[in-house]
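The values are calculated or read from the model by the stated rules, or taken from the named source; none is laboratory data. This one's a predicted model, so the numbers in the text were calculated from it and none came from an experiment. Reconstructed Cβ throughout: ideal geometry from the backbone, glycine too, with neighbour counts over all protein chains shown. Protein only, heavy atoms only, side chains kept; ligands, DNA and RNA dropped before computing areas. Shrake-Rupley method; radii C 1.70, N 1.55, O 1.52, S 1.80 Å.
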Amino acid sequence: MTTTNPTLPGPGGLPEFEVDPALYRHLADAQVNVELDTGDMILNLGPQHPATHGTLRLVVRLDGERVVAADPVIGYMHRGYEKLTEVRTYPQITTLINRIDWLSSFANEVPFVAAAEELMGIEAPPRALQIRLVLTELSRIATFLLFLGEMGLQVGAITPAFYGFRDREYVLNLIEAVTGGRFHPNFNRIGGLKDDLPWGWLNDTRHTMEKVLDSCDTFETLVADNPIFEKRTRSIGIIPAELGAAYGVSGSNLRACGVDWDLRRDGRAFLPYSDLEWKVWTHPDGDSFARYWVRLQETRESARMVLQALDGLASGPVMAKVPRIIKVPEGENWVSCENPLGEMGYYVVSKGATGPFRVKIRSASFSNVSILPWLLRGVYVPDVITILGSLYFILGDIDR
Amino acid sequence: MLELALDVGWGTTLAVKTIVVLMLIPAGALILGYTFLLKMMSHMQSRLGPMDPGGFHGWYQLVGDGLKFIQKEDIMPAEADRRVFAFAPAVVVISTFLVFVVIPAGPRLVVAPLDVGVFYALAVSSLSVIGVLMAGWASANKYSLLGGLRAAAQLIAYELPLVLAVVGVVVQAGTMSLQGIVEAQRDGAIFGWDGVGFPFVLTQVVGFGLFMVAAQAELTQPPFDMPVAESELVGGYMVEYTGFRFLFFFIGEFGTAFAFAALAATLFLGGWAVPGVEGTAADVLGPIVLFAKIMFVAFLMFWARFTYPRLREDQLQSLAWKWLIPIALVNILVTGILKVAV
Amino acid sequence: MADDTSPEGPADAAAGEPTAVPDVAAEASAEPVALDEAHQDLLARLEAALGDAIVETGVAVHDLVVRVRRDAWRQAGEACRRDLDCDYLSFIAGIDWLPTPRVAGDDAAGDTSSPVQPTEQTPGIAGSDGRFQVFAVVGSTARHWWLTLKTDLDEADPRVESWVPVYPGADWHERECWEMYGIVFDGHPSLRHIYLPAEFEGFPLRKDFPLLAREVKPWPGLVDVEGMPGEAPGAAEEVATT
């Protein structure tokens, strides 16, 4: 058993401390006349742990079952993307950034490609933009279906997780039919898309979206309306709206705090969201239940958006005329979009070469997880798991 | 005990009884585990589970799983207390075996027809708490400790609703002997219709509900599986157990489920009794009928297991102390009044 | 946000030349930048709050970029939070303007695996005074505007005030910045490693920190191409990288 413990920062920063090894060495031989005022216990949640969605290590200091301080330790999956982008060409980077948020990979490529296109002054044709929108929404649905299922798993209901995976397969099949890849489509190109839609895809998508709407109803009945689920998630992990924004929490997490802010509507218009009729869902509570509810509604909204978008697809090419070797002129561009996990953006600095000078990747989960030290103070251990599940981060997104 | 034509000594009788009980638990556990955990759960979760081994729905998978567990390396954590660690699963399994001593499968098919059968069964089933605590403590692992402490609190808290629910049945039957309770249900009459039998679940609906909820908690199954919360503690008090020792816990868990289902079937659904069937025919039909009723009760328990999320420890405790126990007390009161007055 | 400042001109694809973006950075030092209304409003508010702490402004395709003096860095953050209604911190990051060196050195014959970057150090939008800069993007969830702030750092001792009292989310961003560039943030509660192990030496995102993968192992594209029997290895045609 280790005796050196990392610093657990509190509001003012806590000093280093050592735990007396004798206290934990032979639990069965603990002396009875040790004072019953037990010391705090350090618990390592992770990096291998079913609840932490990957290699996140959460060092918590517990007093009984209450968390006194928590310190997330990240970086177990750090792949050095920002250094790698300095030695890659733009099309090569598209392959790399697929793997940041791997559950909704298509959505990762879009802002980067848009940034490069804007710097070059190229406009992708309208059909390409609409298909980009459809595929982004499909990846949003895929990722949220998984969330709806596994949130039940976090609080102990094993069955919804299977339903989530099963329903997600339908959407992944659609994405695979277009792009050839279920998880890492690598489909965006600077100037448009690699290929057009295959035959029969529109009808298949329409059927699948109906199925998605049905699944959302199932999840609502099975999970959201379940009284035990409500007991476990209401008033757990409340994020005040202003604090959340100051921490950089974005996406459904911030909308669940009541902030009416969605980059699809309020941000840069590089995808034709304004052509569709859709609604931004918010919830005033800011607790775990609100985050679940908002994502449930957003899944339904995305399915409806896809159905609308398919009805209005423009015809034409899916790729603009671009030079064979992509050279982006000198300049800087910051493009961020509403990734399923939150605000994902790329600050591309170009010096006129075939590859960027620097790409700062702003990933949503990094900021979402940074609020954990504040959020986890004073919660019970089971609630830690609920909160981690409701924030919905992906390790690749945190660690890049 | 069965009167055989042969005159057998007490040694043989004891041996036969021991073997029967020792075989019942693993067999029951395996059947429950297979039917409900592997197949019913997988079908409800829209998947098939292992289908290949054995041809019909993969029934042979269990055997394979059992063999797998047996041949695994026996790992004991370096800091664990060896003897306590090794003995803990045995305590749990022994307490399960002991419950089956009193459950009747026919008018003469019972290992020990105790007059205080109910009392004995409930007392002995609580011994498993000790085993859980031993496992949690001796594993020298913080997750196990958390799981063990949660288990202790939970199991003790839910003993009371369990016992109080059964008291209603005892009052109504007028006897604590399980055989007597079954016969009271068989010989009872519903609204004066003789020969139909009178399973106590009809009047003791509240008691049945309480018993099922409390049994679910005693088995640390969702929605009460905080001690073994898989997505948090990854096995709780069982996390350091591997191979054969884990198999022991597994058998203990499903064996106890079998035992509680048997108790519920005996106390509320009429046990082995089919109205109108007596004598040797009941000895033959009894076990089958009892088994069918056990399967039904187990179905309900496992269905709740994979549907509901788990309650947090404090919510669990408040459910027991603030809701179940008062309801149980009211149930006893009403039963007593009706028994005397009606 | 208006698109008035997006680059003009269609892609001249036939000649295979990339389009020319109006070189805003070069103009910035020469004449005032052409800003649209929204940007002017933002800039006016910022100037009212900061006064002469603003060194230079520019436009990066859509966003206003403002370079402030180093000693006014935290002040600039407070001005954003208070006067510009920017309640949302997107990120804080660093940038090293030293030219990207050729991977595996200039004498890595035939290694075309990485793009050739210009070898002179040029500043970005809104200029830069030296090698290191810290830049941050803040936004307003209510007013839907964004702002990029930059500040220069001293190359020998890169330090600047921490934004943690202004935006608590700056905590992790500044830790990452320190880890990757060696930029020290004064006033940060605990500046320690976030991605890399505690014993890691060096600051990886600096341009003079080599990308070891290429140092240790030659580019596979080189070795893949085998020469004919009798020829020297690597003498076959070079493999295209795009």
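Numbers below:
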item: Options A:GLU150, A:GLU117, A:GLU137; residue that is under 19 Å from A:ARG300 (Cβ atoms), surrounded by 24 or more Cβ atoms within 10 Å (Cβ to Cβ) and either touching a His at 6+ places or on another chain (Cβ under 7 Å) or not β-branched (Val, Ile, Thr) (or both); result: A:GLU137
item: Criterion: more than 10 Å from chain C (Cβ to nearest Cβ), surrounded by 24 or more Cβ atoms within 10 Å (Cβ to Cβ) and more than 20 Å from the chain's Cα centre (by Cα) - qualifying residue of A:PRO340, A:PRO382, A:PRO356; result: A:PRO382
item: Selection status of B:SER139, crowded, with 20+ Cβ neighbours inside 10 Å, of a type in the set (Ser, Thr, Tyr) and under 25 Å from B:ALA292 (Cβ atoms); result: no
item: Filter pass, C:ALA126 being of a type in the set (Gly, Ala, Ser) and in contact (Cβ under 8 Å) with a residue 60 or more places away in the chain; result: yes
item: Filter result for the condition that a residue is open to solvent by less than 10 Å² (accessible area, probe 1.4 Å), more than 25 Å from the chain's Cα centre (by Cα) and of a type in the set (Val, Ile, Thr), over A:VAL318, A:VAL349, A:VAL328; result: A:VAL328
item: Residues satisfying the stated conditions in the range C:155-164, i.e. surrounded by fewer than 24 Cβ atoms within 10 Å (Cβ to Cβ) and within 11 Å of chain A (Cβ to nearest Cβ); result: C:VAL164
item: Members of the range B:66-103 found to be open to solvent by 90 Å² or more (accessible area, probe 1.4 Å) and closer than 30 Å to B:VAL116 by Cβ, listed by number; result: B:PHE87
item: Residues of the range B:282-323 satisfying the condition of being of a type in the set (Val, Ile, Thr), crowded, with 17+ Cβ neighbours inside 10 Å and more than 14 Å from chain A (Cβ to nearest Cβ); result: B:VAL289, B:ILE294, B:VAL297
item: Checklist (1) away from chain C (no Cβ under 14 Å); (2) in contact (Cβ under 8 Å) with a residue 24 or more places away in the chain; (3) more than 20 Å from A:ARG57 (Cβ to Cβ) applied to A:TRP334, failing item; result: (1)
item: Qualifying residue in the range A:162-171 (condition: buried (at least 23 other Cβ atoms within 10 Å of the Cβ), touching a Leu at 6+ places or on another chain (Cβ under 7 Å) and away from chain B (no Cβ under 14 Å)); result: yes
item: Matching helices (runs of 4 or more DSSP H) fully within the range A:236-276 where at least 3 residues are open to solvent by 20 Å² or more (accessible area, probe 1.4 Å) and touching a residue at least 12 places away in the same chain (Cβ under 8 Å); result: A:241-247
item: Residues that are facing another protein chain (nearest Cβ under 9 Å) and not β-branched (Val, Ile, Thr), drawn from the range A:245-262; result: A:ALA245, A:ALA246, A:TYR247, A:GLY248, A:SER250, A:LEU254, A:ASP260, A:TRP261
item: Matching residues, the range A:231-256, being in contact with a Phe, Trp or Tyr (Cβ under 6 Å, 6 or more places away or on another chain) and not small (Gly, Ala, Ser); result: A:THR233, A:ARG234
item: Those helices (runs of 4 or more DSSP H) lying entirely in the range B:56-128 with at least 2 residues of a type in the set (D, E, K, R); result: B:61-70, B:82-99
item: Hey, A:LEU129 in a helix (DSSP H, G or I), open to solvent by 10 Å² or more (accessible area, probe 1.4 Å), modelled with pLDDT of 90 or more and in contact with a Pro (Cβ under 9 Å, 6 or more places away or on another chain) or not; result: yes
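Rundown of residues vs (1) closer than 21 Å to B:LEU329 by Cβ; (2) away from chain A (no Cβ under 14 Å); (3) open to solvent by less than 10 Å² (accessible area, probe 1.4 Å), yes/no style:
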{"site": "B:PHE198", "(1), (2), (3)": "no, yes, no"}
{"site": "B:THR203", "(1), (2), (3)": "yes, yes, no"}
{"site": "B:MET212", "(1), (2), (3)": "yes, yes, no"}
{"site": "B:GLN221", "(1), (2), (3)": "no, no, yes"}
{"site": "B:GLY243", "(1), (2), (3)": "no, yes, yes"}
{"site": "B:PHE249", "(1), (2), (3)": "no, yes, yes"}
{"site": "B:PHE254", "(1), (2), (3)": "no, yes, yes"}
{"site": "B:LEU267", "(1), (2), (3)": "yes, yes, yes"}
{"site": "B:GLY270", "(1), (2), (3)": "no, yes, yes"}
